[in-house]
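Notes to accompany the following structure.
Any read-out appearing in this document is the output of simple, stated calculations on the displayed coordinates, not a laboratory observation. From a predicted model like this one, the values you see are computed outputs, not experimental measurements. Here Cβ is always computed from backbone atoms with ideal geometry, including for glycine, and neighbour counts include all displayed protein chains.
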Amino acid sequence: MIRVAIVEDHPATAEGLAALLDREPELTVVGTAPSLDQARALIRSKVPDVVLCDVELAGDGRGFELLGDTGDADAKSPAIVFLSSYDYPAFYALALERGAAGYLLKTEPVSEIVRAIRRAGAGGKTFDVVAIRPVTGSRRRPSEREVGVIGLLAAGRSNDEIAHEFGITVRTVESHLRRLFARYGVFSRTELAMLAVREGWIRVPRQPTN
């Protein structure tokens, strides 16, 4: 029997998945959780073999944070299969690099989700070959406006200062940043700036000399 936990912050989706998976032979759903903290508690208490996990969770958490950090250093970590609406190469890359057992889109039929769970329970992985192909190549370059925003961000400018520089609203700056974070799978302004430097989108800001 493969014990499955579902980490999903939309109750109707979580309940629907639980009902469907419980009908499958040799699968049993041990619980659902909408956030990272509750997911860690569920994993500690129920010890699932596989966690079916959304990427974006309640409280601005991301499921990627469960990879290698389920809240119990002494316990064996479950296999984690992501079920997401985000078809972003950077998210496939994060899942691969951090040891996930799979990454599926929510448009997949239930039969594929079940197959991925069974494979994860047996120690295998499920990644779409076509989808992960861009992961091994160069990342999509941001637009010129986005590069400009990242450049100012890397130089230590605030959202207010970036907005003033481009003649746009602070809300528009925040929208740019949210989109960039999601597209490239980063969690902070610093990570975004470092990625931009590594990819050659911007130059390393010069340090002032005395």
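Placing unit charges on each Cβ (+1 for Lys and Arg, -1 for Asp and Glu) gives segment 2-135 a dipole about its Cα centre, and among Ser77, Ala39, Ala90 the Cα reaching farthest toward its positive end belongs to Ser77.
Result for the chain in a Gaussian network model with C-alpha springs under 10 Å: among Ile80, Ile162, Ile113, the largest mean-square fluctuation is at Ile162.
For a quick check: sort Tyr92, Tyr103 by the number of other beta carbons within 10 angstrom, fewest at the front. Please report the intermediate quantities before stating the final value.
On the way: Tyr92 23, Tyr103 26.
Going from least to most buried by this count: Tyr92, Tyr103.
If you build a Gaussian network model of the chain, linking Cα atoms that sit under 10 Å apart, which residue out of Gly123, Gly200, Gly151 swings the most? Highest fluctuation of the listed residues: Gly200. With point charges of +1 on the Cβ of Lys and Arg and -1 on the Cβ of Asp and Glu, referenced to the Cα centre of the chain, which listed residue (Val7, His176, Gly121) lies farthest in the positive direction of the dipole? Ranked along the dipole, the leading option is His176.
In segment 1-79, how does Rg compare with the Kirkwood Rh, expressed as the Rg/Rh ratio over alpha carbon atoms?
Numbers: Rg = 11.7 Å, Rh = 12.4 Å.
When Rh is taken as the Kirkwood radius, the ratio is 0.94.
Taking Rh as the Kirkwood radius computed over C-alpha pairs, what is the Stokes-Einstein D of the chain at 20 °C in a medium of viscosity 1.002 mPa s, expressed in µm² per second? Approximately 115 µm²/s, per Stokes-Einstein.
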